[in-house]
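Q: Let me give you the structure first, and then I'll get to my questions.
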């Protein structure tokens, strides 16, 4: 994916250029008024300072035009990147919906499995208690039978 300049950086560059141009235009107006009001003073120095100011203003305008060109070329790339991201998000949402449905299915199966485990645990406990009951009844029956049929020794 392309890396784009930060919007704050671009905005600061534009504001700096605009502020510079405004102050330079104010300086140019002041110098022009001075030249008009004092036509007899050193004209060459006045022309040089005005031409230097013109070069500075042109430099700032060039910076603004370069920023404008950068924005014009970057906006379609940015739109393309946004469209790609939008499609990716749509695909991920679709995939997420499928996964959520699978999760619900698994959760339902887990609930059913837990129910089966509980049923088998209860069945095991009942069978375990029944087996103990049978074992104890066999012991009681053996004791009873042994006491009934036990040979009694008679003393003479």
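The values are calculated or read from the model by the stated rules, or taken from the named source; none is laboratory data. Remember, it's a predicted structure, so these values are computed and weren't measured experimentally. Cβ atoms come from the backbone with ideal geometry, glycine included; neighbour counts cover every protein chain shown.
Q: Restricting attention to segment 109-122, does a residue exist that is surrounded by 10 or more Cβ atoms within 10 Å (Cβ to Cβ), in contact with a helix residue (DSSP H, G or I) (Cβ under 8 Å, 6 or more places away or on another chain), in a helix (DSSP H, G or I) and at pLDDT below 85?
A: No.
Let's see how each residue does on (1) at pLDDT below 80; (2) assigned to a helix (DSSP H, G or I); (3) over 54 Å from the mean Cα position of the chain (by Cα); (4) surrounded by fewer than 12 Cβ atoms within 10 Å (Cβ to Cβ):
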residue	(1), (2), (3), (4)
33	yes, yes, yes, yes
39	yes, no, yes, yes
46	yes, yes, yes, no
55	no, yes, no, yes
61	no, yes, no, no
66	no, yes, no, no
75	no, yes, no, yes
79	no, yes, no, yes
